[in-house]
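The values are calculated or read from the model by the stated rules, or taken from the named source; none is laboratory data. Source: prediction; values computed, not measured. Neighbour counts are summed over all protein chains in view; Cβ atoms, including those assigned to glycine, are modelled from backbone coordinates with ideal geometry. Protein only, heavy atoms only, side chains kept; ligands, DNA and RNA dropped before computing areas. Shrake-Rupley method; radii C 1.70, N 1.55, O 1.52, S 1.80 Å.
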Amino acid sequence: MEKWYLMTAVVLLGLTVRWTVSLNSYSGAGKPPMFGDYEAQRHWQEITFNLPIKQWYFNSSDNNLQYWGLDYPPLTAYHSLLCAYVAQFINPDWIALHSSRGYESQAHKLFMRATVLIADLLIYIPAVVLHCCCLKEISTKKKIANALCILLYPGLILIDYGHFQIMYNSVSLGLALWGVLGVSCDWDLLGSLAFCLAVNYKQMELYHSLPFFCFLLGKCFKKGLKGKGFVLFVKLAGTVVASFTLCWLPFFTERAQALQVLRRLFPVDRGLFEDKVANIWCSVSVFLKIKDILPHHVQIIVSFCLTLLSLLPACVKLTLQPSPKGFRFTLVSCALSFFLFSFQVHEKSILLVSLPVCLVLSEIPFMSTWFLLVSTFSMLPLLLKDDLLMPSVVTTMAFFIACATSFSIFEKTSEEELRLKSFSVSVRKHLPRFTFLPRIIQHLFIISVITMVLLTLMTVTLDPPQKLPDLFSVLVSSVSCLNFLFFLVYFNIIVMWDSKDGRNQKKIH
Amino acid sequence: MRIKWVECAALSVMAALSVMTGGGSWFLALALGVTLLKCLLIPTYHSTDFEVHRNWLAITHSLPISQWYYEATSEWTLDYPPFFAWFEYALSHVAKYFDQEMLNVHNLNYSSSRTLLFQRFSVIFTDALFVYAVHECCKCVDGKKACKELTEKPKFILSVLLLWNFGLLIVDHIHFQYNGFLFGLMLLSIARLFQKRHMEGAFLFAVLLHFKHIYLYVAPAYGIYLLRSYCFTANKPDGSIRWNSFSFVRLISLGLTVFLVSALSLGPFLALNQLPQVFSRLFPFKRGLCHAYWAPNFWAVYNALDKVLSVIGLQLKLLDPKKIPKASMTSGLVQQFQHTVLPSVTPLVTLICTLIAILPSIFCLWFKPQGPRGFLRCLILCALSSFMFGWHVHEKAILLAILPMSLLSVGKAGDASIFLILSTTGHYSLFPLLFTAPGKKNLFLIGWKLSTSLAWALWKSSVNLYSLSPPGS
């Protein structure tokens, strides 16, 4: 690629922004006794380094599961172990058993930040660069602009590098991205291997698993069930089984081990939701206390059914007509369905939806930018808790400016650009006057942005009334939920009406 | 809650501007982008210069003018010309809404979060003048070939090189100083000279001199250029001087401008009979040959050579250890000292060396004027010579050469190569400014890599541009 120096500049800019966000640790002292995610990661390094594998997921005197017990799959544990070896080499005090609880120092902070940056640099950023280089039918300049916008996405930067957060979301998202790339470029085995690694890193990646499954199944069907398709199916199954076995090998020795790990990964004992999250259950519970009305097992069944119903059409379509473009859009709609209807969803899970949306940024820049802004806004209460007001506003504006100048998004709001042409045509068969869809969407965008800005200002400057201490968080999550529902409908429309679009165009031209 | 109001206000202004960039103006996008990066740099390490400026806010706010250059409660006394003192005075009127305590002269090393926010925002805000100056400079640069690619247009490259100059970002927004708007004034005066608005250029430079007298480094270039190309209104066909075209009117108007500006600045202190005190503060020759952290100039090499020779001399028993003075220049303290082996250097010697160094370029400017471009070259050479041979030079002074060089580098491929070397080494030499803070080293390295890659991009583009031009043109 001839403009590689520009791409380098873009990557370096992304790294600079990440590092400056990570400098926001001015207040110094943490908040004992539980501290935060930072302490959790340090604790996992301590556990994995000092205890044998069999004790990692079990409650014992050395490993108190109440104090940040390990609740991610084995690959996270192995990664923590690797970091622990480096920590041991630099300063053993950081991971000494028991005595290093709540350890905080400048050097340690630098070490932890560095591990996140290195993981990002090795896994996530190359995937993004490769994805942008492989985009078809757009100029080099647009590819670089695309890379810039994706690397500047505020949500991932703030969660991974913010105040006391050391979440390695970039690793799991990066691995998933490698999976998407592999599968889209017909390197199915490598892609599925990468995705299995992603699932084994953070179990939330299961949100993406159905589209992968349907896409690969559709490919097998296309190649014919009796010939190459069957061979491919067997190979894929073999790859998945092999990668899972490799990761879980130490835990397959005893049945109790594997079960305990699963129990830590999927805490079904916890309720339908915790805290304020921008999904259906939390928003509905403002009016109707679902947690109290329905018994526990009914809650699980209801959420399972609703999730399945909302993602079924897109997945069936993908199985019958597999295409890389359809795959990406289905990833978005599936992940969004899971986020809105699933069990025990955390606010950070919106990142699982943001990643596929970043992938379709070049195709529908206007809606993607809008979605990514809303996704960052939905995490506002979490960000404010960590004193990240300035970085979040600054990175959001930088992202918005980058998208606005790279894609001229305000000019791309016609039906054609929004990929709604075939949908509108179908509707116009019944309602001839249905031409106002783009205008509605533009108005909705303006309303949405104004609401978000106002809510941000209110949350920051005013104190909530005494009787309703959570007023602003609830408002933020409800507004975000409404936005997300709209996007769910929109992306499903695109998926369902998509290939007709392509077919019509081919007929006309 | 007040902090949040201020943050919201500032950010809302920027949000409004960012909505305007939806229209696709790349210049505004670049300017806003770098401003946002500056906001992200607010919580980073800051040096003692932060306390210096807080102290000056306190002095100018709390004390009458007659005390400004006498006040010495803090070790960071006022040592910039009067216009800068007035600037701090104006800032202090805004500062009192942030935190009244910072304006107390006795609150040494006071750095509450509001103080930090105010100071950082004041630097970011005054950089607006720098942005305007860059905009004016871009008008003076025109591409010879019509470039369709935005990233190959000289205007774009120049804007990136100036607005995103990492040396300036590090010195102003991490280390903490107010160089942004000062360089804005300088670039604006250069732009005015390019646009043949000589009087404005001269006025702006005179004002700049009274803001920060370090710009005396480049005053000879201005003086000779204005005398030769403005006061002599025409040249003979072969380019040499036409003595009868001298215009007294122009000379007098220039002199009057400079005189009026100086009167405005130094007048009050002349009336108070404080001029000697002011000058002793402005030109502290008691400070040593080299600043605490050495500027990479000739005297640094000289000192190192002296040290090496003295070590060799001691080993070979040529020198008597008892005769070697205690204060050695490598200990990083600002003191006066004597050299041991090589002859000692006095301020007069450095002045003579500087003058000899700038003589060739001055001669060229007088005898073979090449218009504004020749002036710019002479300016850069004056800055570099003064940096090389000056007395008590700060390493930040390299920016005086790098920023104008950016203007030249978008013109010719040869200049671009030189600029690449100059900017890379210059920015690298700013490294010691950040050495106290561990995490910031990485930030600097990243930033330096970024600036290097940008400069490289520029060089590549210019090479492309000029390789396309037919031979002989």
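To the nearest 20 debye, what charge dipole does the protein assembly as shown have about its Cα centre, counting +1 at the Cβ of each Lys and Arg and -1 at the Cβ of each Asp and Glu?
2540
Could you size up the charge dipole of segment A:269-379 around its Cα centre, putting +1 on the beta carbon of Lys and Arg and -1 on that of Asp and Glu, and report it in debye to the nearest 20?
My answer is approximately 180 debye.
Taking the 0 to 90 degree range and rounding to the nearest ten, how far is the long axis of helix A:296-320 tilted relative to the main principal axis of chain A, both from C-alpha atoms?
The angle comes out at about 50 degrees.
Using the Karplus curve 6.51 cos²θ - 1.76 cosθ + 1.60 with θ = phi - 60°, work out ³J(HN,Hα) for each residue of segment A:276-286 in order, rounded to whole Hz, and write x for Gly and Pro.
The phi angles translate into 9, 10, 7, 10, 4, 4, 5, 5, 5, 5, 5 Hz.
So what is the calculated 222 nm ellipticity per residue for the protein assembly as shown, using -39500 (n - 2.57) for each DSSP H run with n of 4 or more, over all residues, to the nearest 500 deg cm²/dmol?
Only helices count here, giving -21000 deg cm²/dmol.
Can you tell me which of A:346-355, A:172-181, B:256-265, A:120-129 comes out highest on packing, and rank the rest after it, using the mean Cβ neighbours within 10 Å?
Descending packing order for the listed peptides: A:172-181, A:346-355, A:120-129, B:256-265.
Can you list the residues, at least 5 places off or on another chain, whose amide H is less than 5 Å from the amide H of residue A:273, using H built in the peptide plane?
Answer set, sorted by chain and number: A:344.
Hey, how much of the P(r) for the protein assembly as shown falls beyond 51 Å, as a percent of Cα pairs?
30
So, R0 is 45 Å and r is the distance between the beta-carbons of residue B:314 and residue B:240; what FRET efficiency does that work out to, to 0.05?
So the FRET efficiency works out to roughly 0.20.
Could you give the spread of the C-alpha atoms of segment B:192-277 along their three principal axes, from largest to smallest, in whole angstroms?
52, 23, 21
Given an 8 Å cut-off on Cα distances and at least 6 residues of separation, report the relative contact order of segment B:18-102 as a percent.
27
Just to confirm a number: summing +1 for Lys and Arg and -1 for Asp and Glu over residues other than residue A:159 whose beta-carbon lies under 11 angstrom from that of residue A:159, what do you get?
-3
Taking amide hydrogens as modeled 1.01 Å from N in the peptide plane, which residues meet the under 5 Å criterion relative to residue B:393, leaving out close sequence neighbours?
Those qualifying (amide H under 5 Å, at least 5 residues apart or on another chain) are B:291.
Scale the Cα Rg of segment B:105-190 by the rule-of-thumb value 2.2 N^0.38 Å and send over the ratio, two decimals.
1.39
Would you mind giving the average projected area, over all directions, of the Cα convex hull of chain A in nm² with one decimal?
Taking a quarter of the hull surface, the average projection is 26.6 nm².
Show me, for segment A:390-401, the HN-Hα J-couplings you get by feeding each phi into the Karplus relation (A = 6.51, B = -1.76, C = 1.60, θ = phi - 60°), rounded to Hz, glycine and proline as x.
4, x, 5, 5, 5, 5, 4, 5, 4, 4, 4, 5
Measure nothing fancy, just the Cα-based angle from helix A:365-378's long axis to the longest principal axis of chain A, in degrees from 0 to 90, nearest 10.
Its long axis makes an angle of about 30 degrees.
Quick check on segment A:231-379: what are the equivalent-ellipsoid semi-axes from the Cα gyration tensor, as sqrt(5λ), descending, whole Å?
27, 26, 15
May I ask you to give the percent of accessible area on segment B:64-168 that is carbon plus sulfur, with a probe radius of 1.4 Å?
It is 58 percent, rounded to a whole number.
Per residue, how much accessible area does chain A show when a 1.4 Å probe rolls over the protein heavy atoms, in square angstrom?
43
Give me the summed buried accessible area for the B-A pair, 1.4 Å probe, to the nearest 100 Å².
Chains B and A together bury roughly 3600 Å² of accessible area.
So what are the ³J(HN,Hα) numbers for segment A:42-50, from phi and the Karplus equation (6.51, -1.76, 1.60; θ = phi - 60°), rounded to whole Hz, Gly and Pro as x?
Karplus-based 3J(HN,Hα) across segment A:42-50 equals 5, 5, 5, 5, 4, 5, 5, 6, 8 Hz.
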